[in-house]
1. Going by a 4.7 Å Cβ-Cβ cut-off, which cysteines of the chain have no partner at all?
2. Whole-Hz Karplus ³J(HN,Hα) for the range 294-299, in order, using 6.51 cos²θ - 1.76 cosθ + 1.60 and θ = phi - 60°, x for Gly and Pro?
3. Let a ≥ b ≥ c be the square roots of the eigenvalues of the Cα gyration tensor of the range 481-523; is it rounded (a/c under 1.5), or, if not, prolate (a/b larger than b/c) or oblate?
4. Please list, or write none, the lysines whose alpha carbon is within less than 29 Å of the alpha carbon of Lys310, excluding same-chain residues fewer than 8 places away.
5. Mind running the shape call on the range 242-285? Use the C-alpha gyration tensor, a ≥ b ≥ c as the square roots of the eigenvalues: rounded below 1.5 for a/c, prolate if a/b tops b/c, oblate otherwise.
6. Given Cβ point charges of +1 (Lys, Arg) and -1 (Asp, Glu) and nothing else, what value in debye, to the nearest 20, does the dipole of the range 378-423 about its Cα centre take?
7. Which of the listed residues, Val508, Gln642, Val146, is farthest toward the dipole's positive end in the chain, when Lys, Arg count +1 and Asp, Glu count -1 at the beta-carbon?
8. Can you grab the distance from the C-alpha centre of the range 398-440 to the C-alpha centre of the range 266-327, Å, no decimals?
Amino acid sequence: MNVIRIRGARTNNLRDLDVDLPRGRLIVFVGVSGSGKSSLVFDTIAAEAGHQLNETFPPFTRNRLPKWTRPDTDEIAGLSPVVLIDQRRIGGNARSTVGTITDAWTYLRLLYSRAGTPHIGESGHFSFNDPAGMCPDCSGLGEIVVSAVERFLDLDKSLAEGAILLPGFGHGGYWYSQYADIGSFDPGTPLRDWTPGQRQALLYGGEHAARLGTRPPKDYEGVVQRFERIYLHTSDDLSDRKRETIARFTRSQTCPACHGDRLNEAARGVTVLGRTIGELARMEITELAGWVEQVRDPAVAPVVAALGDKLRAMDTIGLGYLHLGRATTTLSGGESQRVKTVKHLGSSLVEMLYVFDEPTVGLHPHDVAAMTALLRRLRDKGNTVLVVEHDPAVMAIADQIVEIGPDAGAGGGRLVFQGGFEELRAARTATSRALAARVAPAAAPRTPTGAITVTGATRNNLKNLTVDIPAQVLTVLTGVAGSGKSSLAAELVAQHAAVVIDQRPVSVNRRSTPITYTGIAAPVRRLFARHSGRPASLFSANSAGACPECKGLGVVYTDLAFMDGQESVCETCQGRRFTEDVLRHRVNGLSIADVDELTIAGALDRLPDPAIRDALRHLDRVGLGYLRLGQPLTTLSGGECQRVKIARELREAAEPSLYVLDEPTTGLHLRDIAALLGVLDQLVGQGHTVVVIEHNLDVIRRADWVIDLGPGPGRHGGQVLYQGPVAGLRGTATAAALHEGQP
Ligand code: ADP
Ligand code: ADP
Ligand code: ZN
Ligand code: ZN
């Protein structure tokens, strides 16, 4: 079969959607935010492909594979095994590095075990995840946890008042009496009034105290030793409380034994062409690729060739500024996605289905060409590549473009266009209209009221920058990926009180929804009470009006021995959670159960109440009017979470504040970017200072002030190339992209 055939797709907002997608092609999905692109590509196509793939495994294995929810469709045929390459961060394992996740480290280990001086045997001796290779002091983590002693004591208090802040050391606690009874410490005097020697003796114990000449009557264990014995040097399973205590009273530092190389002494001493493997782990990938080419030993030629290919692929895709030793937990969403892409490029599997979620996130227009080349390469190997994307540069290289729409939420979910890029331009869809329109540049830059200065910034690759951020205007930080934008923003946040509006989840609680988040549950109940003349409590799903069968949950749970519990819709209320008596009462034709299904925009229209209006209108303004009131916030994408947070600031912030946003256009359709710009302008209008990291040219054009970093990534960047009004920007990669995009 040469097409993927989809009939009657109904996941989320899809309206019985039918579409045939040619296999072996690069297909880009477009449409306004919330139109249903993800519902089609991820929740329908990828979910079904994943489900079918899992079915091919025996039940034992299947239980260990990711669970795919089977989509609601009449028919899907012509799928291949799916590889999902999304922006989810690579995860919390400290043992995972750019080198290990891309397999480049495996090749380096082979190279060192076969061609190193001296020769130490197997490649496991160069693995920091193998006892044969790991540094014994840090177990291969490169970092050790040490006591943050300065956080242990409150000097303004006496022992009796709880000067020792560690749990269990307070007045009446077990450890407390041990110190109070020693006799040489006065439990009633604030620690500030003790001699430094006495404080040292308290912290480090009798032996240490003896050395200081303040001999206590008996030998005892100091607070620090005791803390480390109980909390750090223990093999017990740690309770959550212990974990919390450790997080509060310790900090990580580079392992003094291996200096962060993670390897034991033997492995650290082996060299190839005069370099240790640890030095290579810290070298930028671009540079490392050049070094590898100089290794001419015929015994390792195949390893060198494979390693060279891998490193060049990483360079091509715009990751050349990273180093192999970089922990994957520190990568941004866009970087994580590019790292995952590299992992699959080397794969020799063909006829796979690759699914990408906005692969241009975090990429400067200058770097986008490398990404599009890569997408084509995957296709040319005989794979089908599906991409959800808003960037016109990616649309331009598609074999086919599919637009879902025409609008968001209930107003979307249909196929509105399928064809080539030029045909799309000529069509009349939200995307073609947005492609034709241009956001006008700021008429005249606003005048700052002062400056917020970042001084001596050296974080990561920054070259000792001192930069003024103009107050109460919109500043955009620009520059190629890896040039230092996030580092400068982090330094700004570290030096000044700033509110970071990021893409992290708004809530991890599966029960939180726009209703709970905005606190409109009570006003909604009062609205129903006013209209019906009944008490407001009747309209609460955990009180009198709740369905007696499911107690207002809408679902019932059946426990099954040996298997996951089953959840099924309550038969009594059919999932509506309330009794018939309650559901009879209506506001504008809606029952209380219908409220969950309303979108935010719908609620603004149909629930006439000032408190509800006030709580929801900001979410509508940031382009989230399509969210359902009952939709769990855990289902939101990173970009949507960020917009929820912007809305919260619009609603709440009173004092003029400094806001820092990282790529707020992520996941936004060209059309919705104009609305976002309106919101940023409003924040500035309220007296706030707004700093945005952005690649989107329309946002850059509307900036009052641009700080362009570069010229290159990593150590080739970290300098300010330009700072000033956007009109004066010349001669940089950003300037070139701005002028190229000019009509
Ligand atoms: P797009 O990818 O085009 O931005 P989505 O497919 O994410 O749009 O969303 C389409 C509609 O489905 C939106 O109204 C959205 O709020 C809703 N939706 C998305 N995910 C879920 C979910 N897990 N549960 C319920 N509704 C959802
Ligand atoms: P941008 O935001 O412009 O893409 P970054 O500020 O993220 O650039 O990165 C600048 C340089 O600092 C890059 O070489 C990057 O690899 C490095 N870097 C960023 N974060 C870290 C980190 N947590 N640890 C080590 N290096 C980092
Ligand atoms: Zn170590
Ligand atoms: Zn029920």
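No lab work stands behind these numbers, since they all come straight from the coordinates. The shown structure was predicted, so the numbers you read here are calculated from the model rather than taken from an experiment. Here the Cβ is made from the backbone with ideal geometry for all residues, glycine too, and neighbour counts use every protein chain on show.
1. Lacking a cysteine Cβ partner under 4.7 Å: Cys641.
2. Karplus-based 3J(HN,Hα) across the range 294-299 equals 7, 7, 10, 4, x, 5 Hz.
3. Working: a/c = 4.52, a/b = 2.51, b/c = 1.80.
Prolate.
4. List returned: Lys340, Lys343, Lys381, Lys485.
5. Numbers: a/c = 4.61, a/b = 2.61, b/c = 1.77.
Judged from the Cα gyration tensor, the range 242-285 comes out prolate (a/c at least 1.5, a/b above b/c).
6. On the way: 3 positive and 8 negative charges, 43 e Å.
My answer is approximately 200 debye.
7. Gln642
8. Using only Cα atoms, the two centres lie 44 Å from each other.
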